[in-house]
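In what follows, a single structure is set out as structure tokens and then discussed.
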Amino acid sequence: MKKIHDFDEVFDAQKMFRLVLTALSSPGKTVDIARFSGKMYGTRPAFLAVAMTLLDNEVSFDAGPDEALAGEIVSLTLAKRAPLDGADFIFVSGPADLRAAVENAKCGTLRDPHTSATIVMNIDDGRDAILRLSGPGIRDVIEIRTSPAVQAALELRDAQFYEYPQGIDFIFVSAAGGLFAVPRLTRREG
Amino acid sequence: MNKDYNFAFLDEGSKREIRRSILKAVAIPGYQVPFGSRELPIGRGWGTGGLQLTLSLIGPDDILKVIDQGSDESVNAVSIRKFVTMCTDVATTAKTGEATLIQTRHRVPEVPLRDDQILVLQVPLPEPLRLVEPREEVTKMMHAEKDYAPVWLLLYESLIRYKKITLAADYPVMAEDRYVMNPSPIPKFDNPKLHDAECLYLFGAGREKKIYAVPPHTKVVSLAFDDVPFERESFKGKRCRLCGSTDTYLDELFDADTGARVWQCSDTAYCKEVRARCV
């Protein structure tokens with residue numbers, strides 16, 4: 001059987017998950033997923049690698065106006081499409097779709113904060129924004145140089161004034177294969 | 001490896017659900033994420049929560065260590081290690097420093113863990129409020145409202161009755177100033193190891209269908225009063241009869257024939273390493 005991708009659903013998904021787990025456990029730390037996104041295809045292979053790792057028919061997602069991406073995710077994972085305010089995973093291809101995604105994303109409830117959304121965002125490889133982050137997973141404070149899109153995303157998130165444990169978690173992926181995460185408890189310093 | 005099963009026994013859909021739950025647990029330290037606990041070829045209450053975490057995490061590159069009450073050689077540890085090996089073929093070790101993934105019951109190893117290691121704890125009773133409230137719906141709301149007064153009252157009553165807090169294991173902690181969390185039945189001695197650690201701690205309760213986590217460098221404080229500080233077990237004046245350690249958690253052994261009491265390290269791997277260094 002000829003497959004349209006080489007991503008192994010058992011072993012690559014396991015390795016990829018461990019990288020995502022490392023990223024979420026150590027916010028701001030960039031892990032390299034290039035060898036897994038390289039096994040996918042299309043214009044957003046990193047999104048597809050994340051989707052192959054975390055999505056299936058038990059969760060829903062939104063991919064914004066990118067119908068081709070949404071179609072690929074459905075065909076690869078059988079995940080359900082959902083409106084922004086109901087999606088478990090939101091794939092944001094660029095800054096233009098960011099505001100709507102953050103302002104409408106599920107933030108969970110005080111009783112069930114795990115019902116919140118995870119936003120997976122594509123960022124460029126720019127390093128013009130300097131962010132100082134603190135919180136669980138970070139010893140004291142970490143300073144990272146990253147894309148201004150990350151700064152914009154966190155500013156939008158902070159403007160929602162979520163009452164913890166409500167909140168949203170971010171996973172950022174870049175074209176070069178970098179992935180890092182900013183969970184809800186990670187704070188911007190200064 | 002037994003090829004009749006999927007790698008790591010669980011089907012990929014089960015692993016994905018557990019993995020998603022793990023990510024939520026890491027994002028919300030101390031919060032118990034519900035998950036669909038799967039059937040396993042061991043009984044619930046015998047480490048199925050920890051085992052499901054291990055099976056969802058493990059890959060061919062991992063080196064696995066399994067311990068039970070500090071020992072690599074007790075029945076629970078041997079059974080789980082054999083089972084995971086049977087369905088993954090991963091390398092195993094008894095040396096804490098060599099392991100990338102450690103599943104444990106009731107102890108945290110004496111050797112400080114690194115940031116490339118994950119400690120999976122088996123949890124029989126994940127709900128720290130169960131002692132004061134039997135209804136799950138109510139404890140969920142208590143966590144939502146950060147209503148922990150009954151837990152404080154429980155500790156206070158213990159102080160009044162016995163002049164000390166009598167919880168020896170399962171001693172509740174506050175994770176990141178938000179969730180009261182049950183650290184699993186590790187002795188109080190191990191509670192401080194959860195605070196500001198280098199490694200990721202994952203807790204799995206198979207029977208109770210909950211997963212929770214303490215990420216690295218998370219604030220974890222054992223509950224205590226301003227005028228009655230938290231105290232670990234004290235082994236002052238005692239030492240391991242095998243390796244001579246005086247700063248480890250010691251098991252007390254009693255010889256019924258002679259009436260003699262001796263102490264030895266609960267963490268058998270650590271004890272062996274100390275003895276090997278001394279030779």
Exercise. Dipole size in debye (nearest 20) for the protein assembly as shown around its Cα centre, Lys and Arg Cβ +1, Asp and Glu Cβ -1?
Worked result: 800
Exercise. In the stretch A:77-109, which residues have a backbone nitrogen under 16 Å from the label point lying 7 Å from A:Tyr41's Cα in the Cα-to-Cβ direction?
Worked result: A:77
Problem set entry | Overall form of the stretch A:11-183 per C-alpha gyration tensor (a/c, 1.5; a/b vs b/c) | rounded
Problem set entry | Selected from B:Leu129, B:Leu154, B:Leu113 as most flexible by GNM, with chain B as the system and alpha-carbon contacts under 10 Å | B:Leu154
Exercise. Over the stretch A:11-183, what is the percentage of antiparallel beta bridges among all DSSP beta bridges, to the nearest 5?
Worked result: 45
Exercise. If the viscosity is 0.692 mPa s and the temperature 37 °C, what translational diffusion coefficient in µm²/s does Stokes-Einstein give for chain B when Rh comes from Kirkwood over Cα pairs?
Worked result: 167
Problem set entry | Pairwise centroid distance, computed over Cα atoms, of the stretch A:90-120 with the stretch B:67-81, Å | 42
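Based on the alpha-carbon gyration tensor of the stretch B:20-96, what equivalent-ellipsoid semi-axes (square roots of 5 times the eigenvalues) come out, in whole Å, largest first?
22, 15, 13
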For this session: Could you work out how far apart the two model spin labels at B:Glu133 and B:Val228 are, taking each label as a point 7 Å from the Cα in the direction of the beta carbon, and quote it in nm?
Result: 2.2
For this session: Give me the number: length gained by fully extending A:Arg187 to A:Val141, i.e. 0.36 nm times residue separation minus the C-alpha to C-alpha distance, one decimal in nm.
Result: 15.6 nm
For this session: Measure off 7 Å from each Cα along the Cα-to-Cβ vector at A:Glu163 and B:Glu98, then give the distance between these two points in nanometres to one decimal.
Result: 5.2
Problem set entry | Shielding by partners, peptide A:18-28 (average Cβ within 10 angstrom, other chains) | 6
For this session: Report the dimensions of the protein assembly as shown along its three principal axes from the alpha-carbon atoms, largest first, rounded to Å.
Result: 79, 52, 42
Seminar exercise, completed: Placing each pseudo-label 7 Å from Cα in the direction of the beta carbon, B:Lys146 and A:Thr115 end up separated by a distance in nanometres of 2.2
For this session: Averaging over all projection directions, find the projected area of the Cα convex hull of the stretch B:234-279 and quote it in nm² with one decimal place.
Result: 3.5
Exercise. Given the Cα atoms of the stretch A:76-169, and with Rh set as the inverse mean 1/r over their pairs in the Kirkwood sense, what is Rg to Rh to two decimals?
Worked result: 0.99
Exercise. What shape does the stretch A:10-50 have by the C-alpha gyration tensor, where a ≥ b ≥ c are the square roots of the eigenvalues, rounded means a/c under 1.5, and otherwise prolate means a/b greater than b/c and oblate the rest?
Worked result: oblate
Problem set entry | Proxy reagent accessibility, fewest Cβ within 10 Å first, across A:Asp8, B:Asp190 | A:Asp8, B:Asp190
Seminar exercise, completed: Proxy exposure order for A:Phe172, B:Phe230, A:Phe47 (fewest C-beta within 10 Å first) is B:Phe230, A:Phe172, A:Phe47
Seminar exercise, completed: Ordered by fewest other Cβ atoms within 10 Å, a rough proxy for footprinting exposure, B:Met86, A:Met16 read B:Met86, A:Met16
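We did not get these values from a lab; they are worked out from the coordinates using the rules stated. Everything numeric in this text was worked out from a predicted model, so none of it was measured. FYI the Cβ positions are ideal-geometry reconstructions off the backbone, even for glycines, and counts take in every protein chain you see.
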